[in-house]
1. So between residue 51 and residue 548, what do we pick up on full extension, going 0.36 nm a residue minus the alpha carbon distance?
2. Provide 442, 185, 215 in ascending order of the number of other Cβ atoms located within 10 Å of each residue's Cβ, fewest first.
3. Relative to the longest principal axis of the chain, what angle (0 to 90°, nearest 10) does the C-alpha long axis of helix 466-478 take?
4. Kindly provide the helix-only [θ] at 222 nm of the chain, computed as the sum of -39,500 (n - 2.57) over DSSP H runs of four or more divided by all residues, to the nearest 500 deg cm²/dmol?
5. In nanometres, what is the gap between the two model label sites at residue 100 and residue 226, each 7 Å from Cα along Cα-to-Cβ?
6. Can you tell me the 0 to 90 degree angle between the C-alpha axis of helix 349-360 and the longest principal axis of the chain, rounded to 10?
7. Between residue 507 and residue 277, what is the label-to-label distance in nm when each label sits 7 Å out along the Cα-to-Cβ direction?
8. Compute for the chain: radius of gyration divided by Kirkwood radius, i.e. Rg/Rh, restricted to C-alpha atoms, rounded to two decimals.
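Just so it is clear, none of the values below were taken in a lab; they were calculated from the coordinates. Since we're looking at a predicted model, the values are computed, not measured. Backbone-built Cβ (ideal geometry, glycine too); neighbour counts: all protein chains shown.
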Ligand code: TEU
Ligand code: CA
């Protein structure tokens, strides 16, 4: 490879070298015994987060909300959700984060609001109301919905409001009406609320379904080829770039912040148009290709390692040195990482969770760790519909099971593998009742019964734990610029169970070898290369500079290849 290919053409930035820890406040830590996680709970666990070595915390929505979708339905953007505490609690949390030299980013949910937001309360009153155009209203078409758009939470994306006999658009639940971004007043309101939080000192935003804010001209019907994947029709509307640039000009460019767009419905080809630094839109996005590998709607999908590798290679090829990327394997909308991509059976849970940590923290792009994954928390053993909280599950159950389209057993089997509630069960802090998450008898969502085995108290003090391995990997990434900025190369795209890649910056090359199977494998490094100096092994191997690696099941190693 010519050396110019290895030159670092990336401009260093704090958000490129950052490792982000994602907190879902409802499930993190309850401080007042009401069964619901809260801001004081998070503040009480900042040392735990800091010890992991992460530099940024992303908070899922903490704004006032009636919780139709756990805070992704905001009633008041300038108020803290009562369940989570007060503005004083928020200020104290922010202060605690800064004192530890970490940064805090918030969840900006502005494609839609709650139907209980004051703007919508006004908007629905009459067609003449000054807030009418804050939302998207249409009359019936031949006594039906204005078009055939569907909601991600089942059923039509339109609800008829009796007050004015018109329909309003909601791409998610009926309690989440979509804002009308074509209205400059709406955009100004959003920029104002962004400034409100930035002026408090927060360091940026994760932007919820941001590619949906601009709707297609005339709201045309979903063409048949989009019915099964409407997100690709709803996203990237004609004015999206204009809005993002305006937001950047008016707000973001005035602060030293990071932005990450949740790019549901965006293709890889479209990605540079959102993140190329010369365009002044977003810093990076979440691409969904990897997390879609394990699910097909509610069903679990059998994925293969070559498919996963192909995604990382195409992401790398799609983004040149002017663009930046993220790496994430899980979040509050996905099953647990070890259950989805590893092996959560007792024999391999720890090894595979550590292997996934190795991958997450050595790939190209800013890594995001979802709370609990650093403990190797697993999916929940759901056995009945009553155990779920998620509106997506409840609406899906009504639409699929109660109509007889799918049997209850089939649907439940799918949910066990894919439901969002798998990731939303409370953090497992210790071996006391409810995993030490709450002193209440009953938390808002049940704690996984495996908390007696899998919990933070145990893992923080145990030398070889998953938590301590994560901390070691975060530290390794932090002090190794090649892992943040180096060129990525997949050495063996077709191998069915070994993922081997290098990261190269200048004269430094690191080799990562991951055995994605429980079988021991003798792995001949491609191209006759030798491994180099062993820096990391998740199974405590000491095998040095050889050409054939004797890998154990779910073993992960990182070597430094000296020139
Ligand atoms: O999610 C966007 C989204 O459409 C999917 O991730 C969705 O949750 C589901 O998996 C689609 O089938 C964001 C938030 O992350 C999610 O929690 C919210 O429910 C949603 O937007 C609405 O705000
Ligand atoms: Ca609480």
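1. Numbers: separation 497, 0.36 × 497 = 178.92 nm, distance 3.58 nm.
Answer, rounded to one decimal: 175.3 nm.
2. On the way: 442 10, 185 13, 215 20.
Ordered from fewest to most neighbouring Cβ atoms within 10 Å, 442, 185, 215 come out as 442, 185, 215.
3. 90
4. Working: 19 runs with 150 residues, N = 563.
That calculation yields -7000 deg cm²/dmol at 222 nm.
5. For residue 100 paired with residue 226, the spin-label model returns 4.3 nm.
6. So the inclination is approximately 80 degrees.
7. 2.6
8. Numbers: Rg = 23.5 Å, Rh = 24.5 Å.
Rounded to two decimals, Rg over Rh is 0.96.
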